[in-house]
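Read through the structure below, which is laid out as structure tokens, and then see the notes.
The values are calculated or read from the model by the stated rules, or taken from the named source; none is laboratory data. No experiment lies behind these values; they were computed from the predicted model shown. A quick note on method: Cβ atoms are made from the backbone with ideal geometry, for glycine too, and the neighbour counts reach across all protein chains shown. When the accessible area is computed, the model is the full protein with side chains, heavy atoms only, and any ligands, DNA or RNA have been set aside. Shrake-Rupley method; radii C 1.70, N 1.55, O 1.52, S 1.80 Å.
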Amino acid sequence: MEEPVIECRICGGLVEEFLDLGRQPLSDAFLRPADVDAEFFYRLAVGRCASCTMVQLTEEVPRERMFHEGYPYHSSGSSVMREHFTRTALSLVETELTAADPFFVEIGCNDGVLLRTVAEAGIRHLGFEPSGGVAALAREQGVRVRGDFFEESTAVAVLETEGPADVIYSANTICHIPYMDSLLRGVDALLSPGGVFVFEDPYLGDIIEKTSFDQIYDEHFYLFSVRSVQAMAERFGFELVDVRRLPVHGGEVRYTLARAGARRPAPSVARLLDRERVQGLTEPETLRGFASSVTRIRDDLVGLLRSLRDDGRTVVGYGATAKSATVTNFCGIGPDLVSFVCDTTPAKQNRLTPGMHIPVRPPDAFAAADPDYALLFAWNHAEEIMAKEQWFRAAGGRWILYVPDVRVL
């Protein structure tokens, strides 16, 4: 049977698959025990466009299944991220919102953690957020929210009532959106002539360097590189004018797009493009090597957990993250290897993790269980978490990490 031909969602080129992570559940669908039999699964595989080099999933999950009333992720859940978004908002207000009566739009505003600062500065603003639960939290913070997905039609509707936006911003959302043509036509319609479209998302360079394969899951449809974002921008009449690497969420890049010719590109764009070229970041050999490293991590992690179980050691998980679904399901890690996962998000507690059905418990269960080992799924917040849980190491507990390789601290 012939392999199906997969077309790039950006340019229509041929997408060549390089990693298959198998049958996966929705990464943020934490289940009640009664809902297990109705669980949704799909095939999680990732490929590279031979034409524009955009790395992308080969199968799309319907957006309504992922982003809905009960969506459990809260952007303000981490103190590090709260500080990051406050700094980002203040910087954009100072540098980009200097005209009379400026207008700031955020795509995927979540619980309003960034727009709250914009609102407090007296800036006219609007957040797009289709997930009703977190949108309600944003409104409680005094943030104006439209409960829609951002696309061409909704952007045009906002233009007609609010006028053009000076800044359109998004964090950890643009990579979620397969229909980039409609999104960028919406940006084109809503953005003022001298405005900027600024977005930050996980960076392919960090994912390859750290072998952080858990950054690949249903919500992360695209894994951006500077080269692929530049090519994407040009197809829709924009120009990549600035890039900045960020340490948050395991490594991201903030991209700034403007209308073609409106601004001179910063030197950082050429520098990071040169670095990607030297690294061969999007070359097929690099991506195949990454896939081999992912298999090695799986084998090492499962081997360690089985050895600890056989020795009578107790292991719990820390952080019921969306990306942990990729790890547990690809590796086959269930309650026999990790007895439970603790998490601070009330909407996830007393439920089961997607696919592998590990119980999720509140944070106080971590100390009560006094485990021998803790598997840190929220590795991108390792410093913050370990500082909070110093008692664990003092009591002889040991952390297990799997990025960039499997090791015990």
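Worth pointing out:
- DSSP bridge analysis restricted to the chain gives an antiparallel fraction near 50%, rounded to the nearest 5.
- For the chain, a simple Cβ point-charge model (Lys and Arg +1, Asp and Glu -1, everything else neutral) yields a dipole of about 780 debye relative to the Cα centre.
- Whichever aspartates and glutamates have a C-alpha closer than 20 Å to that of Lys388, once near sequence neighbours (fewer than 8 apart) are set aside: Glu83, Asp343, Asp364, Asp370, Asp372
- Note on Asn350 and Arg244: the extension gain reaches 34.3 nm, defined as 0.36 nm multiplied by sequence separation minus the Cα-Cα distance.
- Gyration tensor verdict on the range 286-358 (Cα atoms; rounded if a/c is under 1.5, prolate if a/b is larger than b/c, oblate otherwise): oblate
- Dipole of the chain computed with +1 at Lys/Arg Cβ and -1 at Asp/Glu Cβ about the Cα centre; of Leu137, Leu272, Pro335, farthest Cα towards the positive end is Leu272.
- Cross-link reach list, lysines versus Lys210, counting only Cα pairs under 18 Å and skipping chain neighbours closer than eight places: Lys323
- In this view, the solvent-accessible surface of His381, computed with a 1.4 Å probe and all protein chains in place, comes to about 40 Å².
- Centre-to-centre, using Cα atoms only, the range 211-268 and the range 39-97 are separated by 13 Å.
- The range 174-274: C-alpha gyration tensor shape, a/c 1.5 cut-off, then a/b vs b/c: oblate
- Amide H partners (placed H, <5 Å) of Trp399, local residues excluded: Ala374, Leu409
- Cα gyration tensor shape for the range 33-80, rounded if a/c is under 1.5, else prolate or oblate: oblate
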